[in-house]
Amino acid sequence: MENTDEETFDVIIKEGWINKRSRFLKIWRRRWLVLTPHFLITFKRQQAYLDKPTEKIKIECCSTMKSAEEETKKVFTFRINFLDRVFFFSAQDANDKETWIESIRGAMMPKKTEERCFEGLYDDVLNLK
């Protein structure tokens, strides 16, 4: 797990209490979840940014996210698939679940500049000889 540095918390998109299912024992544990533009981070205590996080996950490694109520048999749950792991979260209510999903999806959007979005657009057209 990476160290949490001060730069990580310069911009906080969303934070709040959520339940996270443990990896091996499958026990639901209450965690303070912090979403930044690049990371999803969990702590044992509220706003304990100087504490060692229980998880620190790069958003760019997220592949999919969807509801997980049928799979977990628990209301207001969703799952996030990463390259080599799946995380399960349970929100406080339906509105909380939706705002977490929307916020995480927003952070997952590629962070490209306008130049990068259009790079090479005309190169292909000009090389059609």
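Brief remarks follow.
- Residues in the range 7-33 that are surrounded by 15 or more Cβ atoms within 10 Å (Cβ to Cβ) and under 13 Å from residue 88 (Cβ atoms): 18, 19, 20, 21, 28, 31, 33.
- Just one of the numbered conditions (1) in a helix (DSSP H, G or I); (2) at pLDDT 90 or above is not true of residue 89: (1).
- Residue selected from the range 54-101 under the condition of a type in the set (Val, Ile, Thr) and crowded, with 19+ Cβ neighbours inside 10 Å, by the criterion farthest from residue 28 (Cα to Cα): 59
- Which numbered condition residue 47 misses (of (1) modelled with pLDDT of 90 or more; (2) touching a strand residue (DSSP E or B) at 6+ places or on another chain (Cβ under 9 Å)): (1)
- Residue that is modelled with the lowest pLDDT, among those in the range 5-30 that are farther than 11 Å from residue 42 by Cβ and β-branched (Val, Ile, Thr): 8
- Among the residues listed as 103, 63, the single one being at pLDDT below 90, within 13 Å of the chain's Cα centre (by Cα) and either in a helix (DSSP H, G or I) or not hydrophobic (A, V, I, L, M, F, W, C) (or both): 63
- For the range 28-43, a residue qualifies if it is among the aromatic types (Phe, Trp, Tyr) and closer than 16 Å to residue 106 by Cβ, and exactly one does: 39.
- Given (1) outside any loop (DSSP other than H, G, I, E, B); (2) more than 25 Å from residue 109 (Cβ to Cβ), number of the condition residue 46 does not satisfy: (1)
The values are calculated or read from the model by the stated rules, or taken from the named source; none is laboratory data. In this text the structure is predicted, and so the values were computed from the model without any measurement. Note that each Cβ is placed from the backbone with ideal geometry, even for glycine, and that neighbours are counted across all protein chains shown.
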